[in-house]
Structure formats: structure tokens, C-alpha cells
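Participant: Quick one: structure below, then a few questions.
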Amino acid sequence: MGLFSRKKPKLPKLGSPPLNRLPVHFVPVFWGCKNAQAFADSVSAAIAQVEPGYHFADNLFTWSRNNSMLDDEAFVQAWRSNIESKPDEGIVWRRYILACAAYHCVQLEGDFVECGAYTGVAMKTVIDYLGGPEFPRRFWGYDLFERTTRCLRTAPISNSACARNLHNTRRCAS
Ligand SMILES: C[S@@+](CC[C@H](N)C(=O)[O-])C[C@H]1O[C@@H](n2cnc3c(N)ncnc32)[C@H](O)[C@@H]1O
């Protein structure tokens, strides 16, 4: 309790998105597919059949959604400026869930902790979204640095088992 920083968090303001723009997000980097190219081609064919507002990245494909994270300028700045790899470019939906949770948590007492922080891309995205140098909480990052290609491998499974495998590989994700 005594360690609680009384510094007020600097909360990002949400602007009004342009009404004539429906953002899409397409970064064909994913995990757990037998043939990554064939899978990306299949989804590209599916995208041609759906309404705009699609999102395909980080093992997530959806459409007719507003991709509202891309309308949050403070978040987009924080996310983009911390991209270190192609997967980081794709991982935006999960980053925004994290950033929105952090938006609420930063208004509560206590430190932040990320278990499995690796190089700190997620941590730094949260910190930058919530004030950068003025981020008012202590943020602890832990990692065993055991990340290997195991998390990124193409699993030797059939396409029909792909969905199940995507679920299984989820435990490799942050
Ligand atoms: C997929 S990376 C996540 C990177 C980061 N969370 C991000 O979003 O950019 C998973 C990380 O978790 C770490 N990890 C796995 N098990 C762990 C454990 N028991 N304790 C600490 N770190 C662990 C791995 O070393 C790896 O770097």
C-alpha cells in the first residue's frame, strides 16, 4: 500500500474515427499450419467473398468487424513503434486487449507484472500507450528466455486438424 505511486496516470484520449474509413488488417503470419502458403492463399480466397472490415493475423480471421484498435491513434503509435518482427506486426488484436486492460489497471494500486515478457514488446507497448516516461507504475518483466522455434514451428498435421492445433499452440502465446 505504502509503495503505491500517487502519480496520476496519463490516460490516452480516444478520438473520433473517420466515418468513411473501415480499417483492415492482413498480416499472414501464423502458427500451427501444415502449409502456411496454402493456408494464406485459402484465407485470401475467403476474404474475396466477405464484406470489408476483415482481420487476418496472429491465428485470427474475422470480418465485418471494425478493427477499432486501428482507430485509436495513441495505441497505433505505441504498437507500431514497438514492432520488432513480422509477428509483432500481426499481433495487434491481442495487444489492444492488453492495452485496454492496462488502461483500467493503471488506475488501481499496485505494480504491473508480465510473465513471459521476452524482449518486452508487449510491456513497452503498454507503457507507451499509458504515458511513456510518465507511466506511473513499476513494471516487472520475467522470462526464462527459452523461446525457441518450438513456438513458431509449422506443425506436421493435416489441414483438417489445423483448427485444433491452433488451439493447442495458443499456450505458446503471451
Ligand atoms: C511467445 S513469447 C511471448 C513474448 C511477449 N509476451 C510478447 O507478447 O511479445 C513467450 C515467452 O515466455 C517465456 N516463458 C515460457 N515459460 C516461462 C516461465 N515459466 N517463466 C518465465 N518465462 C517463461 C519464454 O521464454 C518466451 O520468451
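Participant: Give all pairs with beta carbons closer than 6 Å in which a residue from the stretch 112-130 that is among the basic types (Lys, Arg) meets a residue that is more than 7 Å from the ligand (Cβ to nearest atom) and modelled with pLDDT of 95 or more; count only pairs at least 6 apart in sequence or on separate chains.
Facilitator: Here the result reads LYS124/ASN82, each pair linking the stretch 112-130 to a residue that is more than 7 Å from the ligand (Cβ to nearest atom) and modelled with pLDDT of 95 or more.
Participant: Please go through the stretch 55-81 and pick out each residue that is of a type in the set (S, T, N, Q), outside any helix (DSSP H, G or I) and surrounded by fewer than 17 Cβ atoms within 10 Å (Cβ to Cβ). Explain how you work it out, then say what you get.
Facilitator: Going through the stretch 55-81, the residues of a type in the set (S, T, N, Q) turn out to be 59, 62, 64, 66-68, 77, 81.
Then keep just the ones that are outside any helix (DSSP H, G or I); that gives 59, 62, 64, 66-67.
Across the stretch 55-81, the qualifying residues are THR62, SER64, ASN66.
Participant: While we're looking at this one, here's another question. Quick one: in the stretch 118-141, of everything that is among the hydroxyl-bearing types (Ser, Thr, Tyr) and open to solvent by 20 Å² or more (accessible area, probe 1.4 Å), which residue is nearest to GLN77 (Cα to Cα)?
Facilitator: Let us first name the residues in the stretch 118-141 that are among the hydroxyl-bearing types (Ser, Thr, Tyr), namely 118-119, 125, 129.
If we keep only those that are open to solvent by 20 Å² or more (accessible area, probe 1.4 Å) too, we end up with 118-119.
Details: TYR118: 21, THR119: 19 Å.
Top of the filtered list is THR119.
Participant: Next question. Identify, please: which residue in the stretch 87-117 is open to solvent by 80 Å² or more (accessible area, probe 1.4 Å) and assigned to a strand (DSSP E or B) and is, among those, nearest to the ligand (Cβ to nearest atom)? Explain how you work it out, then say what you get.
Facilitator: Of the residues in the stretch 87-117, the ones open to solvent by 80 Å² or more (accessible area, probe 1.4 Å) are 97, 104, 107-109, 113, 115.
Applying the additional criterion that residues be assigned to a strand (DSSP E or B) yields 113, 115.
Values: VAL113: 11, CYS115: 5 Å.
So, considering only residues that are open to solvent by 80 Å² or more (accessible area, probe 1.4 Å) and assigned to a strand (DSSP E or B), the one nearest to the ligand (Cβ to nearest atom) is CYS115.
Participant: Ok, one more. Could you tell me how many of the residues in the stretch 118-141 are more than 11 Å from the ligand (Cβ to nearest atom) and in a strand (DSSP E or B)?
Facilitator: Of the residues in that region, 2 qualify.
Participant: Follow-up. Before we move on, is GLU84 charged (D, E, K, R), in contact (Cβ under 8 Å) with a residue 12 or more places away in the chain, touching a Ser or Thr at 6+ places or on another chain (Cβ under 9 Å) and surrounded by fewer than 17 Cβ atoms within 10 Å (Cβ to Cβ)?
Facilitator: Details: charged (D, E, K, R): yes; in contact (Cβ under 8 Å) with a residue 12 or more places away in the chain: yes; touching a Ser or Thr at 6+ places or on another chain (Cβ under 9 Å): yes; surrounded by fewer than 17 Cβ atoms within 10 Å (Cβ to Cβ): yes.
Yes; evaluated as a whole, the condition is true for this residue.
The values are calculated or read from the model by the stated rules, or taken from the named source; none is laboratory data. This one's a predicted model, so the numbers in the text were calculated from it and none came from an experiment. Methodologically, a virtual Cβ is constructed for each residue, glycine included, from the backbone with ideal geometry; neighbour enumeration extends over all protein chains shown. Areas reflect the complete protein model, heavy atoms only, side chains present, ligands, DNA and RNA absent. Shrake-Rupley method; radii C 1.70, N 1.55, O 1.52, S 1.80 Å.
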